[in-house]
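Inspection log for the structure reproduced underneath, given as structure tokens.
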Amino acid sequence: MPIAEYYDTVTRPHRFVPARAWRLIGRRLYVEVFYRGLMDRGAILSFYTLLTAIPTLLAFYSIASLVLAQNRDKVRGITEDFINQNIPGMYAEEARKIIDSILGSTQQSVITLVISVAIALFSSSAYVRAFSRSANALYGRQEGRSLIRTWLVMWGLTIALVVGLVIIAAASFLQADFLTPVLNAISQPLHWEGFTSFVLDSLLPVWAYLRWPVIFGLSIVLIAVLFTIAPNVKYGRMRWLTTGSAFALVGITIVGLVVRRYVNNFLHIGMYGALGGLIGGFFGLVISNTILLFGLKLDAEMTRSRELAAGLASEDIIQVPPRSSVGADVNNEIDDQLREKARAVRRGYSAEPAGESGDSEDSGDSGDSLGPSSDTSTS
């Protein structure tokens, strides 16, 4: 079904899911969580999150070192405030040592920045590709985009997400010590007298009230971009706020608050000490990624319910149009070739006389190779 026809037939007339469909949605979500291993997918994404975390943190510090090249103590001061607010006293010193080692590794700022950003983007693209595979599975879909197109799209999505995370991190740590050298670098060449003091005295106090709404808004945008581009589905327009994305953001926020409360108040009680903090943090990471996938599955099941309300036979397959089917056609052709080879092996064993041993090889298959045939055209 063309995208325009799908929008006119399903999306626009059935924008709100019928009340009678929520029982089916709940049942399918229950089956996905408890029978189809949704948390297993969340654990896989958590591995890629850890793979991304260290190089991304190093990239953040490299960027901060470049921006505050003459104010390295400002970076340490911001880090010290973060440690004091979020790390228990008995583990604060260890955290400071780790941060000092990271700061020391960014002395050669330009070289370190290039290397760390490249590693961070490569690692993050692995997370995005894993999320895309999980998203396609939750929609019951194959990846239809070609290999080259998929990699390019995932790299572009990775860059967008990393830039968004950098902006969110900057918004979280935005304060006078951080802004002063940046504003001075802007105002002095332009001879804007009083610009720095105006921003710090007038706008920064207002930012204290706008900080969290802006961070939540940026987070919604990042989740919307991820939910829209990662799966091989195309709704026809960008969906900036969905029930699934809102659920994912609220759920991840609650998990983050619970983990932070545990680290700040209960870590010293446990018998595992710092190891308990790592276990709790990783468990929170798995739950957060599972909630993210749960939100995407919620959107997918709501789409199925809209299609059922529109009279489409979507009991088995969600029929939202794909972004592309070229890659799926190639995969199907490869599956057909493998199936034919398996049948040839079976026929060889069936034709083998009783009592005769040894391997049987179909001579007609010796020149075949896996992959799309040479006369297959793709667009």
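The values are calculated or read from the model by the stated rules, or taken from the named source; none is laboratory data. Keep in mind the model is a prediction, meaning the values are calculated, not measured. As a convention, Cβ positions derive from the backbone with ideal geometry for all residues, glycine included, and neighbour counts pool all protein chains shown.
Against the numbered list (1) touching a Pro at 6+ places or on another chain (Cβ under 9 Å); (2) part of a loop (DSSP other than H, G, I, E, B); (3) over 22 Å from residue 2 (Cβ atoms), residue 232 comes up short only at (3). Here residue 72 passes the criteria (1) farther than 20 Å from residue 285 by Cβ; (2) among the basic types (Lys, Arg); (3) at pLDDT 85 or above except the one numbered (3). Residue pairs whose Cβ atoms lie under 6 Å apart, sitting 6 or more positions apart in sequence or on different chains, and linking a residue in segment 318-331 that is within 19 Å of residue 303 (Cα to Cα) and of a type in the set (S, T, N, Q) to a partner that is modelled with pLDDT of 80 or more and in a helix (DSSP H, G or I), are 319/307.
Being among the hydroxyl-bearing types (Ser, Thr, Tyr), modelled with pLDDT of 90 or more and assigned to a helix (DSSP H, G or I) is the filter here; which residues of segment 1-49 pass it? Result: 30, 46. In a residue-by-residue description of segment 255-271, the property of being of a type in the set (Gly, Ala, Ser), farther than 21 Å from residue 43 by Cβ, more than 24 Å from the chain's Cα centre (by Cα) and modelled with pLDDT of 85 or more applies to no position.
The residues of segment 29-43 that are over 26 Å from residue 325 (Cα atoms) and in contact (Cβ under 8 Å) with a residue 24 or more places away in the chain, listed by number, are 29, 33, 39, 42, 43. Of all the numbered requirements in (1) more than 26 Å from the chain's Cα centre (by Cα); (2) under 30 Å from residue 226 (Cβ atoms), residue 324 misses one, and that requirement is (1).
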